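For reference, the structure discussed in these notes is given below.
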Amino acid sequence: MTPTPAVSPATAVPVVHAVAAVAVPAASAATATGSAQPSGRLRYRVVHETRYNYQSLVTLSQQLLHLTPRSFAHQQTESHQIWVNPAEHDGSNGIDYFGNRTRQIAIMAPHKELLVHAESIVTLTPRLSVAELTQAPQRLQAVAQTADLRAWESVREHVQKNRSGATLEALRYLYASPHVTFSSALEHYARQSFTPGRPLLEAAYHLTQRIFDDFEFDAEATDISTPLEQVLIGRRGVCQDFAQLMIGCLRCLGLPARYLSGYILTHPKEGQPRMIGADASHAWVAVFCPLRGWVDFDPTNRCLVQGEHITLGWGRDFSDVTPMRGLVLGGGKQALQVNVTVTPL
């Protein structure tokens, strides 16, 4: 049995076919990231196509898919479908350890090409701005002042001692994992943002900005097996690397952080139409804040996550939420092509 290479943001570079482009009317400020909905909601259609071409016949293919967008406080999945060609012989839906929706498929028809087409419609609800996040909720002002839960050191202590359901759940994302290891170099890099007494979210946002400024996006510099130490030394990589680097920084300081897999809306150059397949799979980070819950940051784009990030799922690192991975019998050499289209509705 030959493992199917994991489809990751590092390797799944969108390929734009020479097909008709979909022209999108010039967006106004109100609709630049999706159509305006009641209460500021944004709706998107996401089409994700994964295509494998094999050198020789595959007689059996078994795959685990993380291609169903997750529903949570800031996102609702209105509809979702997955088509497979050749048709699956057997399939089942499930929920993984982290609460993500999965699908397992088995294809027994001989084939030299495998196409997995996932299509979803999601609605995003507004998230808080950077300014709003730095202010404790009014109902928690007294608690924040009493426990000093804004300072990152106090949050670390809270996580170690508190036994609430939310904190216990956050402990899943506190320790080393397959792609996130600890090192003194990583901690040193983190402490340049996490100075004594600095508010947690302010420090996390500063770290987000520093990673963007200090590292260069380079799709050829790394792959899914590149260790964090090499990323830190080389200062190059892709969104997966930058997300796991930031997670490692946070965990080295005793702060829970999780890896998010999903999509980000990209914008064509002014005057150019939106192209089919030109959007991207993406990865970013969430840090646990006792006063706010989980707060998402995107070090690849130097931003607090707002209305252009669509979440598939989350875990400790990339290995927990690989969009597609599995085994094939036969096939020989294989070529991978991934197309993603995010369309504002």
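The values are calculated or read from the model by the stated rules, or taken from the named source; none is laboratory data. Since we're looking at a predicted model, the values are computed, not measured. In this analysis, Cβ positions are derived from the backbone assuming ideal geometry, glycine residues included, and neighbour counts consider all displayed protein chains. Note: areas computed on protein heavy atoms with side chains; ligands, DNA, RNA excluded. Shrake-Rupley method; radii C 1.70, N 1.55, O 1.52, S 1.80 Å.
Residue-by-condition table, conditions (1) out of contact with any strand residue (DSSP E or B) (no Cβ under 6 Å at 6 or more places or on another chain); (2) modelled with pLDDT under 95; (3) over 23 Å from Phe217 (Cα atoms); (4) not β-branched (Val, Ile, Thr):
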{"residue": "Gly293", "(1), (2), (3), (4)": "yes, yes, yes, yes"}
{"residue": "Asp296", "(1), (2), (3), (4)": "no, no, no, yes"}
{"residue": "Pro299", "(1), (2), (3), (4)": "yes, no, no, yes"}
{"residue": "Val321", "(1), (2), (3), (4)": "no, no, no, no"}
{"residue": "Met324", "(1), (2), (3), (4)": "no, no, yes, yes"}
Which listed residue is in contact with a Gly (Cβ under 9 Å, 6 or more places away or on another chain), at pLDDT 95 or above and surrounded by fewer than 17 Cβ atoms within 10 Å (Cβ to Cβ), from Glu119, Glu169, Glu157, Glu113: Glu157
Scanning segment 285-313 for residues that are closer than 21 Å to Leu42 by Cα and among the aromatic types (Phe, Trp, Tyr), which turns out least open to solvent (accessible area, probe 1.4 Å)? Phe297
For Thr181: the one exception among (1) farther than 16 Å from Cys249 by Cα; (2) touching a Gly at 6+ places or on another chain (Cβ under 8 Å); (3) open to solvent by 50 Å² or more (accessible area, probe 1.4 Å): (1)
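Based on this model, can you work out whether Asp241 counts as open to solvent by 40 Å² or more (accessible area, probe 1.4 Å), in a helix (DSSP H, G or I) and either over 28 Å from Ser71 (Cα atoms) or not hydrophobic (A, V, I, L, M, F, W, C) (or both)?
On the way: open to solvent by 40 Å² or more (accessible area, probe 1.4 Å): no; in a helix (DSSP H, G or I): yes; either over 28 Å from Ser71 (Cα atoms) or not hydrophobic (A, V, I, L, M, F, W, C) (or both): yes.
Answer is no for this residue.
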Quick check: is even one residue across segment 245-261 of a type outside the set (Asp, Glu), surrounded by fewer than 21 Cβ atoms within 10 Å (Cβ to Cβ) and within 16 Å of the chain's Cα centre (by Cα)? no
Just wondering, is there one or more residues in segment 255-265 that are more than 20 Å from Gln306 (Cβ to Cβ) and modelled with pLDDT of 95 or more? yes
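Let's see how each residue does on (1) in contact (Cβ under 8 Å) with a residue 40 or more places away in the chain; (2) open to solvent by less than 30 Å² (accessible area, probe 1.4 Å); (3) not in a loop (DSSP other than H, G, I, E, B):
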| site | (1), (2), (3) |
| --- | --- |
| Ala190 | yes, yes, yes |
| Phe194 | yes, yes, no |
| Ala203 | yes, yes, yes |
| Phe212 | yes, no, yes |
In segment 65-92, anything crowded, with 17+ Cβ neighbours inside 10 Å and among the aliphatic types (A, V, I, L, M) is listed as Leu65, Leu67, Ile82, Val84
